[in-house]
């Protein structure tokens, strides 16, 4: 045994000095590694600037519908006036850029030409749009899509805008793109209940509409037929595709797309009445389709409020910026949210918000 030790552990003075130096270097490396790891572990990442950028992005494209609009002329209103209406900064910039191209608004519906203006924003301000009559001078020629377009004189005849074919619409004097707008409106679930409803179609000259109104004849049984045709249809609103939803009369490509997009944002519909939260859904349309949808809540997608990021929370239709910040701040304070109810007891969120969100939240 002594011979074994002597053979393998007997070093010269130079070798011993070399080993000591190597051990010192190794000790220094280990110490540096431990120090760096501890410093890195204890360092807190500051997301303040990142959150500010998110807030700015959201604020830029988010309208403030709590503001009450006042009368305005979209051809002359400045940026501050437009922002006071509740429009988003993005939409205001779109309106100003539209005017910079020397385009004008001749009637309220012309605002829908602005690329960044949403339909919700237009609905919010349309009753307050005031365009002076001088915009309609005697020399006025409807400026979309061509500034030199003049309405052709055609022989008018009685027609039903709910059922008229494209050929019939063209024969009445509608342009090709105007006829397509009417058909698109019908395909999205729109129904003409009376003659003045044709004013809803974007891009029609008011003078042309006035000439057409006396020739509009609407079949009063049309909406009844829609209800009857939906009687034997049963669609699962939480799992069906947009195409499958179009089997229901009154649900066209536009409505079906909106329903699917809103469903995905929600995580699924808990009750059918939530479909009324889809933009453009009317009471009449809901009554005609409600018996054709069934609700299956077995696959509702829930958000884990202990791990969800800021952007994940605020994307939900029922969670606004204030609620998002309340949840995140309380989570930082408590370390872990053990139950969703404690957010109410600790007054982090209101009971009203809790009732709406409860089906879409989990803590583990």
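The values are calculated or read from the model by the stated rules, or taken from the named source; none is laboratory data. Not measured: the values here are computed from a predicted model. Backbone-built Cβ (ideal geometry, glycine too); neighbour counts: all protein chains shown.
Within the stretch 157-171, the set of residues being in contact with a helix residue (DSSP H, G or I) (Cβ under 7 Å, 6 or more places away or on another chain) and buried (at least 16 other Cβ atoms within 10 Å of the Cβ) comprises 159, 161, 162, 169.
Is it true that some residue in the stretch 73-84 is surrounded by 15 or more Cβ atoms within 10 Å (Cβ to Cβ) and either in the same structural domain as residue 199 (by TED's automatic domain parsing) or in contact (Cβ under 8 Å) with a residue 60 or more places away in the chain (or both)? Checking the stretch 73-84: at least one residue is surrounded by 15 or more Cβ atoms within 10 Å (Cβ to Cβ) and either in the same structural domain as residue 199 (by TED's automatic domain parsing) or in contact (Cβ under 8 Å) with a residue 60 or more places away in the chain (or both). Residues being modelled with pLDDT of 90 or more and part of a loop (DSSP other than H, G, I, E, B) are entirely absent from the stretch 276-291.
Let's see how each residue does on (1) over 30 Å from residue 124 (Cβ atoms); (2) at pLDDT below 80:
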site: 9; (1), (2): yes, yes
site: 22; (1), (2): yes, no
site: 28; (1), (2): yes, no
site: 42; (1), (2): yes, yes
site: 56; (1), (2): no, yes
site: 64; (1), (2): no, no
site: 80; (1), (2): no, no
site: 90; (1), (2): no, no
site: 96; (1), (2): no, no
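Give the residue that is modelled with the highest pLDDT, with candidates limited to residues of the stretch 108-135 that are in a loop (DSSP other than H, G, I, E, B) and loosely packed, with under 13 Cβ neighbours inside 10 Å. Among those residues, the one meeting the criterion is 130. Scanning the stretch 145-159 turns up at least one residue that is modelled with pLDDT of 85 or more and either in a loop (DSSP other than H, G, I, E, B) or in the same structural domain as residue 209 (by TED's automatic domain parsing) (or both).
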